[in-house]
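Everything below concerns the one structure shown next.
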Amino acid sequence: MTGLFSSESDGKKVFYKTDEEIELIRAANLIVSKTLAQVASMLKPGITGREIDKAAEEFIRDHHGRPAFKGYHGFPATLCVSYNDIVVHGIPGDREFKDDDVVSVDCGVELNGYYGDAAFTFAFQNVSEPVMELLRVTYASLYKGIEQAVAGKRIGDIAFAIQHYCEREHGYGVVRELVGHGVGRSLHEDPEVPNYGKRGKGPLMQSGLVLAIEPMVNMGIKEVYQDSDGWTIHTRDRKPSAHYEHSVAVRKGKADILSTHEFVLEEIKNNPSVKEVSPKN
Ligand code: MG
Ligand code: MG
């Protein structure tokens, strides 16, 4: 789940984690990652968000985790399921997926007092090439952001890398209103991690900071609006949007990615209803 820009941030909730805590966050993220893989195995035209959400909740509880989104500021479900022009925070419902949908599935789990948070945007078999390109570019931008998540750099270095790649190099719109965030003993901690900004600006990162980095990138204009349900975020021009997320620990030299898409990518290979997506190179 993303943070609302400036909604709860006063810069005072930055917590550096010990190595032991980072392993606990990794453990929570392992359940997140396997839950997303469970979703990947179930996706087919005709299935609903509500069905995959129910399976995800069961999977998480079977693994002794707690669905972190359920009840968070009143959010009613385990997953955020956001298809086509829905950017993020979609509430799983009874609409049946179609063979040309793209759907972002975002999952958070609390395990032993620590949180994991990751997301993946899936493409059904008949998604068009221009939309596949949006997914590949957004996915690549996640790793461009992660490359900057090293000790001694600033949050603005992550933000700039994502924005520059998506907007300048590819002409897409990077969402401003929603941001990545610190994660650990809470689902949303400081600092905020915007997907746009200036190099060398923003909070300094040191080893032990754990961040959820999550570019939200629109095919068209960057502007979004919130649905009357109080959650669902749509693109204003109704064009598709993509969203990929990892939880990462800032380290010296190279970030340690605590969530993994490995299981998801494996399940996609085995699921003929869903297209393979890899970061653009
Ligand atoms: Mg998330
Ligand atoms: Mg998040």
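The values are calculated or read from the model by the stated rules, or taken from the named source; none is laboratory data. Since we're looking at a predicted model, the values are computed, not measured. Reconstructed Cβ throughout: ideal geometry from the backbone, glycine too, with neighbour counts over all protein chains shown.
Selection of the range 248-274 for residues being within 28 Å of residue 150 (Cα to Cα), of a type in the set (A, V, I, L, M, F, W, C) and either in contact with a helix residue (DSSP H, G or I) (Cβ under 8 Å, 6 or more places away or on another chain) or surrounded by fewer than 19 Cβ atoms within 10 Å (Cβ to Cβ) (or both) yields 248, 249, 255, 257, 258, 263, 264, 265. When residues in the range 78-96 are screened for being over 17 Å from residue 116 (Cβ atoms) and in a loop (DSSP other than H, G, I, E, B), 9 of them pass. Scanning the range 48-70 for residues that are closer than 10 Å to residue 109 by Cβ, assigned to a helix (DSSP H, G or I) and small (Gly, Ala, Ser) returns a single hit, 56.
Scanning the range 181-214 for residues that are outside any loop (DSSP other than H, G, I, E, B), within 16 Å of ligand 2 (Cβ to nearest atom) and either at pLDDT below 95 or not β-branched (Val, Ile, Thr) (or both) turns up 181, 182, 189, 190, 191, 192, 211, 212. Within the range 91-135, being closer than 27 Å to residue 25 by Cα and either among the β-branched types (Val, Ile, Thr) or over 13 Å from the mean Cα position of the chain (by Cα) (or both) holds for 91, 92, 103, 105, 109, 110, 111, 112, 113, 114, 115, 121.
I'd like to know if the range 155-163 contains one or more residues that are out of contact with any Asp or Glu (no Cβ under 6 Å at 6 or more places or on another chain), of a type in the set (Asp, Glu) and more than 17 Å from residue 212 (Cα to Cα).
Within the range 155-163, not a single residue is out of contact with any Asp or Glu (no Cβ under 6 Å at 6 or more places or on another chain), of a type in the set (Asp, Glu) and more than 17 Å from residue 212 (Cα to Cα).
For the range 117-128, a tally of residues being more than 9 Å from ligand 1 (Cβ to nearest atom) and part of a strand (DSSP E or B) returns 5. I'd like the residue in the range 61-77 that is in contact (Cβ under 8 Å) with a residue 40 or more places away in the chain and within 14 Å of ligand 1 (Cβ to nearest atom) and, out of all such residues, is surrounded by the fewest Cβ atoms within 10 Å (Cβ to Cβ). Checking each candidate, the answer is 72. For the subset of the range 245-269 comprising residues that are within 15 Å of ligand 1 (Cβ to nearest atom) and out of contact with any Asp or Glu (no Cβ under 7 Å at 6 or more places or on another chain), which member is nearest to residue 41 (Cα to Cα)? Selected residue: 264.
Residue pairs whose Cβ atoms lie under 8 Å apart, sitting 6 or more positions apart in sequence or on different chains, and linking a residue in the range 143-159 that is farther than 15 Å from residue 16 by Cα to a partner that is acidic (Asp, Glu) and assigned to a helix (DSSP H, G or I), are 148/157.
Scanning the range 165-189 for residues that are of a type in the set (D, E, K, R) and either within 14 Å of ligand 1 (Cβ to nearest atom) or under 20 Å from residue 88 (Cα atoms) (or both), we see that the one that is farthest from the chain's Cα centre (by Cα) is 167.
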